[in-house]
Amino acid sequence: MKGTVLYEVQGDVAVLTVDNPPVNPLSDGVRNGLYESLQKAEDDETIKGVVLTGNGRAFIAGADISEFGGNVEGKSLNEVFQKLEFCKKPVVAAINGIALGGGLETALCCNYRIIDKNAIVGLPEVNLGLLPGGGGTQRLPRLTGPSEALKMMLTGSHVPASKALNMGIVDSMSDNVVADSIEFIKNVAEKSDSHPKVRDINEKMIEARGDDKVLLEAQAMAAKGRKGQFAPGQIIKCVESAINLDDFDEGLKKEGEYFLECLMHPQREAMIHIFFGERAASKIADVPKETKIMDIKKAGIVGSGTMGGGIAMCFANAGIPVHIIDQDEENLKRGISVIEKNYDFMVGRGRLSAEQKDAVFGLVSSSLKYEDLSDCDIVIEAVYENLELKHEIFKSLDEHVKDGAILASNTSGLNIDSIASVTNRPEKVVGTHFFSPANIMRLLEVVRGEETSDETLATVMSVGKRLKKAAVVSLNAPGFIGNRMLFGYTAQANMLLLEGALPHQIDQALESFGLNMGPFRMMDLVGLDLGWRARKLSGKESPLHAKIGDELCEQNRYGQKNGAGYYNYSEGSRAPNPAPENESTYEKISSDNGFTRREISDEEIVDRCVLALINEGADILSEGVAQRAADIDVVYINGYGFPIWRGGPMHHANAMGLDKVIEKLEKYRELTGNDVYKPSEMLITLAKNGERLGEAPKKEDRKQKLDFEMSSVANNF
Ligand code: 3H9
């Protein structure tokens, strides 16, 4: 059994400490331990009250997520919660640290709650495709009112101690939570035999009855922020029951039914796959766990453009001082003022106080000289994609930045080994591919060069965690993980356009599937001219899939930047409007290239684009460019808007069944004659053995890496 509960008597108080490192989830051993400890305290006549707390940095981080979908042993959570709520001795939750999900629900079953001033609470089950199934949907609204409770449950946000106190979730805040809780429970036990239970507090429920406004607002919030997800609607139904049912236990019963529906829903498995996938991504198979991690006290950035500024904000937000250099004074001034404006915007939105802004912006310094980066522990180059320029910069960095510091390039596709080769410290050179806007997007591809040392890699992964990024390791290979997949996907979207579908139909089909943004809206946003210019420069003929985009560029239609691309845009707006004037171009280019335009179903659109992702992903895995299928999913969800509730393209393939994936690939290969749909050998082997996409093969069994030129993504569209 996993985890335990320590039982200690202090005077006439029993102190129960949940012990299940590192974050004390309610695993079977903890549930049994809690039940038995409560019984022991009840049976001991000398005990007047109980304090419940957690060991280490957490109170309780929730139910044990690894148990969902499997056989659960020991006492059920409901049995434990019933025992706690009806304990014959008064119980106070001494919330010493993280109290999330079932952890907060545990505290809500106690008579009293005292919180450490640095602790946090929250009900983040929605992020796992679940709802708070331990009474949270019934108890939290009784304390905070339904509107605040719904906001907390639908966003899954972490609420700091002082706010939890203001919201009425806890009774008081403390600097010394366990000692204060012992003192407190002794006093109340002496004074009274009757102690409050959250289940009996009904005022806010009665007040909300007959008014649908709160529920309608919650539905609007879920539709906007959690499009396509199943759990939010279930959460709203639970709160509706809390409001409308007189009997608390009836509400609990409803919650149990709605919880079970979430538990059985495929979205739950998909979202939990990503929870563990993000954590697994930080573990690198051939880098020992005990590898030394360098102390990163100061960061440097080369380039004050959009990327450089965004990356600098990530460091400052994590409390790490950051120095930016640029070769041009005007650029630097502009870059720094953009950073300040971003922080001012956050202050305006109430996301940051004026003092917090001063503190965080105060961590950003700037100058024009490489010498000023000399004391940085890591420097990230963030200039435009040009290998010669990067060579120059890395030579200067190697000369001026202290020995042993990490030198990273924020390239989206250039060869890290080539960049490392101009330095005297190739083992300290690594790729850090941030996504734009870097201060918002969670994905960080960490590119491992041939000579990148274990220490460098482990340190950059730990920096990624400090910056709150979803960091994934990629080998140094063309397009790394994400852009290589994106290439195959957009190429297929373009082929569908050539064969007869229209941009808005393709976008709508993929957005209905769950993508944040369809491929043509995305290409208009990035700019069609980037690839077109690169192709012109190289003197090569446009590949088939790029012919329409290149012709639009010839007609001065570059995308959002000049108000016309696949769509038309009104001045100052990013909303796409249909562009019927493009249709004659589509028809001409289709016919010039031997295509008879045809009706294409939404099913074919989704299948072909998603299968292109899956097949390329399987190749990426079989070459060992990604360590595991889940890493590819983490990349595609956090960097490319793939719906989290489908678990990423690789999980989607596993859920569909690899046999089925191969059958569909063969079907579209026959229909289009396109080798993009030739099933990856890895898919064939796995399907034959009844296995799923999982770990990359061992080094010696890997497929040879594709031998094509490293290039920036700009050349791909
Ligand atoms: C729930 O409670 C349902 C109930 O309402 C009702 C049921 C009937 N279980 O993230 P970290 C592991 S649903 C199992 O790197 P941090 C994690 O995998 C649950 N394991 O640390 C990792 O393992 P490893 C609602 C868990 O400091 C290690 O702990 N609760 C759990 O960056 C360290 O984690 C949540 O959704 C768990 N509940 O962040 C909270 N939590 O070292 C989920 C963590 O082998 N957890 N682990 O890779 C979190 O959000 C973060 O882990 C937390 C710490 C903020 C707690």
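Considering only alpha-carbon pairs that sit under 8 angstrom and 6 or more positions apart, the relative contact order computed for segment 146-284 is 27 percent. Ordering of 85-95, 390-400, 135-145, 667-677 by packing is 135-145, 85-95, 390-400, 667-677, highest average first (other Cβ atoms within 10 Å, averaged per residue). At the listed q of 0.17, 0.20, 0.29 Å⁻¹, the Debye profile of segment 302-361, built from one uniform point per Cα, gives log10 I(q)/I(0) equal to -0.53, -0.72, -1.22. Measuring how big segment 501-592 is from its alpha-carbon positions, Rg and Dmax come out at 13.1, 38 Å. In plain terms, the bigger the Kirkwood radius, the slower the diffusion; for segment 299-476, with that radius from Cα pairs, at 4 °C and 1.567 mPa s, Stokes-Einstein puts D at 81 µm²/s. Once the Cα atoms are used to define both axes, helix 177-191 deviates from the longest principal axis of the chain by about 30 degrees. Note on K292: lysines with a C-alpha under 28 Å away, same-chain residues under 8 apart excluded, are K283, K395, K402, K428, K465, K468, K469, K698, K699. Karplus-derived 3J(HN,Hα) values for segment 158-174, using 6.51 cos²θ - 1.76 cosθ + 1.60 with θ = phi - 60°, are 8, 10, x, 3, 5, 5, 4, 5, 4, 7, x, 6, 10, 8, 7, 10, 8 Hz; glycine and proline are entered as x. The value of relative contact order for the chain, using C-alpha pairs under 8 Å at least six residues apart, is 9 percent. One Cα centroid belongs to segment 109-165, the other to segment 251-325; the line between them spans 22 Å. As a ratio to 2.2 N^0.38 Å, the alpha-carbon radius of gyration computed for segment 397-554 takes the value 1.24. Between amide H atoms placed 1.01 Å from N, distances below 5 Å from G479 occur with S711, all of them 5 or more places distant or on a separate chain.
Roughly how many Å is it from the Cα centre of segment 441-517 to that of segment 1-57, as a whole number? Measuring centre to centre over Cα atoms gives 45 Å. In segment 214-361, the ratio of gyration radius to Kirkwood radius, Rg to Rh, stands at 1.15 when only Cα atoms are counted.
So, with a 1.4 angstrom probe, what is the percent of accessible area on the chain that is carbon and sulfur?
That fraction is 50 percent.
Axis angle, to the nearest 10 degrees, between helix 658-672 and the longest C-alpha principal axis of the chain: 30 degrees. The Kirkwood hydrodynamic radius of the chain, based on inverse pair distances between different Cα atoms, is 28.1 Å. Using only the alpha-carbon atoms of segment 368-420 as identical scatterers, what base-10 log of I(q)/I(0) does the Debye formula give at q = 0.20, 0.22, 0.30 Å⁻¹? Summing over Cα pairs of segment 368-420 leads to -0.65, -0.79, -1.30.
For segment 1-133, take N as its residue count and report Rg(C-alpha) divided by 2.2 N^0.38 Å.
Cα-based Rg divided by the globular estimate yields 0.97.
If you plug the beta carbon distance of A285 and E190 into 1/(1 + (r/R0)^6) with R0 = 60 Å, you get a FRET efficiency near 0.55.
In sequence order, segment 440-447 has phi-based couplings of 10, 5, 7, 6, 9, 8, 9, 9 Hz under the Karplus curve 6.51 cos²θ - 1.76 cosθ + 1.60, θ = phi - 60°, and Gly or Pro positions carry x. Amide H contacts for I301 (H built 1.01 Å from N in the peptide plane; partners 5 or more residues away or on another chain; cut-off under 5 Å): H323, I324, I325, I380.
Cα convex hull, segment 4-264: 114 Å³ per residue, rounded to a whole number.
Estimated from helical segments only, the mean residue ellipticity of the chain at 222 nm is -14500 deg cm²/dmol, where each DSSP H run of four or more residues counts as -39500 (n - 2.57).
Counting only heavy atoms of protein chains, what accessible area per residue, in Å², does the chain have with a probe of 1.4 Å?
Value for the chain: 44 Å² per residue.
The values are calculated or read from the model by the stated rules, or taken from the named source; none is laboratory data. Source: prediction; values computed, not measured. Cβ atoms come from the backbone with ideal geometry, glycine included; neighbour counts cover every protein chain shown. Areas reflect the complete protein model, heavy atoms only, side chains present, ligands, DNA and RNA absent. Shrake-Rupley method; radii C 1.70, N 1.55, O 1.52, S 1.80 Å.
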